[in-house]
Amino acid sequence: MARREGYQRFCSLARGLDVVGERWSLVIIQELLHEPLRYGELRAKLPGIGSNVLGERLRSFEEHGLVEREPDTVGARVRYRLTSRGADLGPALAMFRRWALDELLPPDGNSLAVTYDLSYAIPAGVDLHERYQWNIDSDAYALTIAGTELTVAPGRATRPVVTLRTTREFMYRWVEGTITWDQGRAGGEVTATGSDDAWHRMQLATGYPGRTIPSKDATRSPRTTTVTRRAQR
């Protein structure tokens, strides 16, 4: 008779956490929800994860029918993709992201400044140094990007290149993935000041998927903003 490891509870929540509740598990699933990825691509999107941990999580997901391998077009490599069962986690993760917004951007404005690693989102060779101002309902947040480090603090930013205003209800839908910044602006739910290039850089600097650094005015250097390109290594 097999004995389950983990919580050992006859409870679907506990059993689900046995499968996807360990550190990095849901973040890996979230990356694979966007597209199938090779092992090296996954590691690049998960700075800080150990190779052994990533390998262990992927093996476990395969065993539980959440992930499968598919042949890649490059040599004998494979890509990891979610099965239909793995993709079924998408709506649950969307609701969890909605719930966690108030941990990421506490509505009381009394949180401490926190620095995040955005190396998974900012392409190599892109160097961003600027500030953004987010006004969400009555709460204000100052976002500072320095290379690949994003610092978020309550209060107002000094000379931001983008200042936006929106509602927390819009932000809930944004983190769910059911609406984009651009759709919010087009529908009047988001207003913003600043150049179009700065608007796109802000999306890149905050981990907005699929964005590339715009070339227009990419080498301008205002007193509070520098955007340069380093040589590829």
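The values are calculated or read from the model by the stated rules, or taken from the named source; none is laboratory data. Here the structure is a predicted model, which means the values were calculated and not measured. Cβ placement follows ideal geometry from the backbone for every residue including glycine, while neighbour counts extend to all protein chains displayed.
General remarks:
- Residue 119 crowded, with 17+ Cβ neighbours inside 10 Å and polar (S, T, N, Q): no
- Selected residue (only one of 69, 43, 79 is assigned to a helix (DSSP H, G or I) and among the basic types (Lys, Arg)): 43
- Residue 36 being under 22 Å from the mean Cα position of the chain (by Cα) and loosely packed, with under 13 Cβ neighbours inside 10 Å: no
- When residues of region 124-145 are limited to those that are surrounded by fewer than 16 Cβ atoms within 10 Å (Cβ to Cβ) and small (Gly, Ala, Ser), the one nearest to residue 175 (Cα to Cα): 138
- Of all residues in region 82-93 being touching a residue at least 40 places away in the same chain (Cβ under 8 Å) and part of a helix (DSSP H, G or I), the one that is surrounded by the most Cβ atoms within 10 Å (Cβ to Cβ): 86
- Pair list, Cβ < 6 Å and 6+ apart or interchain, from region 154-183 residues that are on the phi < 0 side of the Ramachandran plot and surrounded by fewer than 18 Cβ atoms within 10 Å (Cβ to Cβ) to residues that are modelled with pLDDT under 95 and among the hydroxyl-bearing types (Ser, Thr, Tyr): 154/111
- In region 125-152, the residues that are of a type in the set (Phe, Trp, Tyr) and in contact with a helix residue (DSSP H, G or I) (Cβ under 6 Å, 6 or more places away or on another chain): 132
- Check on residue 44, touching a residue at least 40 places away in the same chain (Cβ under 8 Å) and not charged (D, E, K, R): yes
- Filtered residue count, region 112-126, keeping only those that are of a type in the set (S, T, N, Q) and assigned to a loop (DSSP other than H, G, I, E, B): 1
- Filter pass, residue 57 being in contact with a Lys or Arg (Cβ under 6 Å, 6 or more places away or on another chain) and surrounded by 12 or more Cβ atoms within 10 Å (Cβ to Cβ): no
- Whichever residue in region 184-195 is surrounded by 16 or more Cβ atoms within 10 Å (Cβ to Cβ) and outside any loop (DSSP other than H, G, I, E, B) and, among such residues, is nearest to the chain's Cα centre (by Cα): 184
- Cβ-Cβ distances below 6 Å connect the following pairs, each with a first residue in region 105-133 that is among the β-branched types (Val, Ile, Thr), a second residue that is surrounded by 13 or more Cβ atoms within 10 Å (Cβ to Cβ) and at pLDDT 90 or above, and a separation of six or more residues or different chains: 114/152; 115/149; 115/151; 122/148.
- For region 11-40, filtering for residues that are closer than 19 Å to residue 68 by Cβ, part of a helix (DSSP H, G or I) and not hydrophobic (A, V, I, L, M, F, W, C) leaves 6.
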